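Report on the following structure.
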Amino acid sequence: MRGLIAEAQGTKEALAALRERFLPERTADVRQMLSTAASRDEIGVEEINGKLSLWVGYSWFRLLTDELHDESPLVSIMAQIAGTPSDRAS
């Protein structure tokens with residue numbers, strides 16, 4: 001994964017592979033969770049892509065800082081990312 005991220009910075013082919021093949025496969029479960037939350041009106045459908053980007057960014061940060069396997073903050077972070085914004089009705 002680190003190598004693919006690094007290579008995607010330098011070649012269009014690697015960036016295309018990252019965007020078109022790697023990310024969709026690796027984010028399908030989180031996208032499904034967010035879509036389920038949207039279907040229950042817990043988040044807006046328009047929020048799914050942004051929240052998914054936050055999740056990917058968080059995951060890459062953890063990967064690049066060698067903290068990917070430390071699951072202690074995982075549930076809390078996902079709850080924050082997927083949580084209902086303060087300006088929406090509960």
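Within the stretch 41-68, take every residue that is over 21 Å from Gln9 (Cα atoms), more than 10 Å from the chain's Cα centre (by Cα) and among the β-branched types (Val, Ile, Thr) and give me the one that is surrounded by the most Cβ atoms within 10 Å (Cβ to Cβ).
Out of the qualifying residues, it is Ile43.
Going by what's in this entry, would Arg2 be described as without any contact (Cβ under 8 Å) to a residue 12 or more places away in the chain and either among the charged types (D, E, K, R) or surrounded by 13 or more Cβ atoms within 10 Å (Cβ to Cβ) (or both)? Explain how you work it out, then say what you get.
Working: without any contact (Cβ under 8 Å) to a residue 12 or more places away in the chain: no; either among the charged types (D, E, K, R) or surrounded by 13 or more Cβ atoms within 10 Å (Cβ to Cβ) (or both): yes.
No, not satisfied.
Which pairs turn up if I take residues in the stretch 71-90 that are among the β-branched types (Val, Ile, Thr) and look for partners that are loosely packed, with under 12 Cβ neighbours inside 10 Å and modelled with pLDDT under 75 with beta carbon separation below 9 Å, at least 6 apart in sequence or on another chain?
As it stands, the answer is Thr84/Ser90, since those pairs meet every condition given.
Six or more apart or on different chains, Cβ under 8 Å: which pairs go from a residue in the stretch 13-27 that's surrounded by 10 or more Cβ atoms within 10 Å (Cβ to Cβ) to one that's β-branched (Val, Ile, Thr)? Could you list them?
That search, which allows pairs on different chains as well, returns Leu18/Ile5; Leu23/Val56; Thr27/Val56.
Can you pull out every residue in the stretch 9-21 that is outside any loop (DSSP other than H, G, I, E, B) and either at pLDDT below 85 or farther than 12 Å from Trp60 by Cβ (or both)?
From the stretch 9-21, those outside any loop (DSSP other than H, G, I, E, B) are 12-21; that's our starting set.
Correct list: Lys12, Glu13, Ala14, Leu15, Ala16, Ala17, Arg19, Glu20, Arg21.
May I ask you to list the residues in the stretch 26-65 that are modelled with pLDDT under 90 and of a type in the set (S, T, N, Q)?
Ser59, Thr65
Does Ala38 count as of a type in the set (A, V, I, L, M, F, W, C), more than 16 Å from the chain's Cα centre (by Cα) and surrounded by 14 or more Cβ atoms within 10 Å (Cβ to Cβ)?
Working: of a type in the set (A, V, I, L, M, F, W, C): yes; more than 16 Å from the chain's Cα centre (by Cα): no; surrounded by 14 or more Cβ atoms within 10 Å (Cβ to Cβ): yes.
No; evaluated as a whole, the condition is false for this residue.
The values are calculated or read from the model by the stated rules, or taken from the named source; none is laboratory data. As the structure is a computational prediction, the values presented were derived from the model and not from experiment. Using ideal geometry, Cβ is built from the backbone for each residue, glycine included, and neighbour counts are taken over all protein chains shown.
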